[in-house]
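Shown next, in structure tokens, is the structure this report addresses.
The values are calculated or read from the model by the stated rules, or taken from the named source; none is laboratory data. Because the structure is predicted, anything quoted here is derived from the model rather than measured. Note: ideal-geometry Cβ built from the backbone for every residue, glycine included; neighbour counts use all protein chains shown. The protein model used for the area step is the full one, side chains on, heavy atoms only, and it has no ligands, DNA or RNA in it. Shrake-Rupley method; radii C 1.70, N 1.55, O 1.52, S 1.80 Å.
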Amino acid sequence: MDGKKIVKVTEQITRLTDVHSIGVIGDPGCEGLGTYNMKVYAGALEESSKDDITLVVGDLVPVGTGHYYQTIQDMTETLAGNAVYSLRGNHDTGAYTDYFGHKNYALLAEQFAVVVLDNALRTFEEEGLTLLSKVLAMEEVRQVIIAFHIPVPNHFILNCVSEEEFTRLKDAYGSWKDKVKYLLCGHVHSRFIDLVDGIPLICTGGGGAMIEDVSKDIKACDVEHHVVHFYEKDGVLDYRIANLSEDCYGRESEDDVLNQKLSETVQGELTAHFKYLMFADRAERRGLTQISNLFRALAVSEYHHARNFYSVLERPAAFMESIGNYVPGESFEYEHFYKMLAAYAKEHQSPLTEQAYESAAAAEKVHAELLKKAVDVENFAEDTIYVCPICGYVMTGESVSERCPVCGGPERQFDVFGKKTE
């Protein structure tokens, strides 16, 4: 190796010393290499650095051009804590071999082997199947993980290679099936474990891409981003799943200078977002639809910028614990802060500022009440939420009236979230 973290595989069979574990990351980049998704990948690399090496089971990039490969390579070099190998996914087209080398190869550790096969085009290459049989035939090889991107037929999903292709794979390992301890794949933005041909199949796609519903049995709400750890103990190959918390990576936010500048940048981007939306409203009132559309698009862009910067800063609690954390801030605003500022504005004969704080305080009170209910996530039953666009007051389906109780704005202008009640 040349000291780089990402290994460009130049030999089809590589012997590794002092390797007793491997961390597996699935599908970090197929939905794009934006900061929001890459924070998960950064956390996954931190988690997989607990192992001796890392394997990314495909879809490092959204499309296989040099620009994206260089981006993911540079990021991995900076963040990885161990040697990182990869296999080709269906998004990893084009210049893949220029950056990562062989598409079919084998890693031989002392107690186990990993055979990487390219099936990104939904077929196993003959070169890879021949290599698999060659490695399995080695007397020294007793435990093998066969890794590829697209799943073989299983009991959970239909997004897999054909039965004919699976038969070709089975023919390649058939004489040594007892040596094959695991089949490993990615491609599906979730996680499941199955038994196919009597061998455990571990499907992992939780290294960056947004987790999705993939079947009636596998819902996004039941799966977290994660890393799979394979390890040998007393000579036996085993595995465990490590879920990544939403606070999976925070090293950069701990830099005081970066923290301050990121915070300032988030505020600047959100201010621009707000300013553009207000200008879009002004343009729309004048019938300038194209100008209004431009500024709404710019506002959305600024929001996404803010989200990316904030994602570096954010250190969230676990989801089910997070909602309650928002209640104190809302309560403080309407109970103390906004009242104090409204009183100051009144004393200094500033009626517009006074009105803005008073109406916001009324809304913040409802925010706090709704958030307190939402802490019990599974039993939260408010199907429809209305927001007055004039003052921001929030109402539920049960409390909505023809006019906003704070500013008198008409119901026909209310923003509706959820199913509108009749």
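Looking across Glu398, Glu330, one residue alone is in contact with a His (Cβ under 7 Å, 6 or more places away or on another chain), modelled with pLDDT under 90 and either open to solvent by less than 50 Å² (accessible area, probe 1.4 Å) or not in a helix (DSSP H, G or I) (or both). It is Glu330. A search for C-beta distances below 8 Å between a residue of the range 84-106 that is farther than 23 Å from Leu16 by Cα and open to solvent by 10 Å² or more (accessible area, probe 1.4 Å) and any residue that is among the β-branched types (Val, Ile, Thr) and outside any helix (DSSP H, G or I), counting only pairs 6+ apart in sequence or on different chains, returns Asn90/Ile150; His91/Val61; His91/Val63; Thr93/Val63; Gly94/Val63; Gly94/Thr65; Ala95/Thr65. Look at the range 268-287: where a residue is surrounded by 14 or more Cβ atoms within 10 Å (Cβ to Cβ) and a partner is of a type in the set (Val, Ile, Thr), sitting 6+ places away or on another chain with Cβ atoms under 9 Å, you get His273/Val300; Tyr276/Val300; Phe279/Ile291; Ala280/Ile291; Ala283/Thr289; Ala283/Ile291; Glu284/Ile291. The C-beta contact set for the range 196-218 (first residue modelled with pLDDT of 90 or more, second residue surrounded by fewer than 16 Cβ atoms within 10 Å (Cβ to Cβ) and assigned to a loop (DSSP other than H, G, I, E, B), distance under 7 angstrom, 6+ apart or interchain) comprises Asp213/Lys219. Once the range 288-312 is narrowed to residues that are of a type in the set (Ser, Thr, Tyr) and closer than 21 Å to Leu33 by Cα, the residue that is least open to solvent (accessible area, probe 1.4 Å) is Ser311.
Pairing residues of the range 374-403 that are among the aromatic types (Phe, Trp, Tyr) with residues that are open to solvent by less than 30 Å² (accessible area, probe 1.4 Å), at Cβ distances under 6 Å and at least 6 apart in sequence or on separate chains, gives Phe380/Ala374; Tyr386/Met395; Tyr386/Phe414; Tyr393/Ala363; Tyr393/Cys404.
Just one of the listed residues (Val406, Val366) is in a helix (DSSP H, G or I) and β-branched (Val, Ile, Thr), namely Val366. Of the residues making up the range 203-246, those that are open to solvent by less than 50 Å² (accessible area, probe 1.4 Å), more than 12 Å from the chain's Cα centre (by Cα) and more than 22 Å from Val115 (Cα to Cα) are Val214, Ser215, Ile218, Ala242.
State yes or no: is Glu347 of a type in the set (Asp, Glu), open to solvent by less than 90 Å² (accessible area, probe 1.4 Å) and more than 21 Å from Pro389 (Cα to Cα)? For Glu347, the condition - of a type in the set (Asp, Glu), open to solvent by less than 90 Å² (accessible area, probe 1.4 Å) and more than 21 Å from Pro389 (Cα to Cα) - is not met.
Would you point out the residue of the range 120-168, among those that are over 22 Å from His229 (Cα atoms), aliphatic (A, V, I, L, M) and out of contact with any helix residue (DSSP H, G or I) (no Cβ under 7 Å at 6 or more places or on another chain), that is surrounded by the fewest Cβ atoms within 10 Å (Cβ to Cβ)? Restricting to residues being over 22 Å from His229 (Cα atoms), aliphatic (A, V, I, L, M) and out of contact with any helix residue (DSSP H, G or I) (no Cβ under 7 Å at 6 or more places or on another chain), the top hit is Leu158.
Against the condition modelled with pLDDT of 90 or more and closer than 22 Å to Glu364 by Cα, how does Tyr344 come out, does it pass?
Considered against the rule, which asks whether it is modelled with pLDDT of 90 or more and closer than 22 Å to Glu364 by Cα, Tyr344 comes out as yes.
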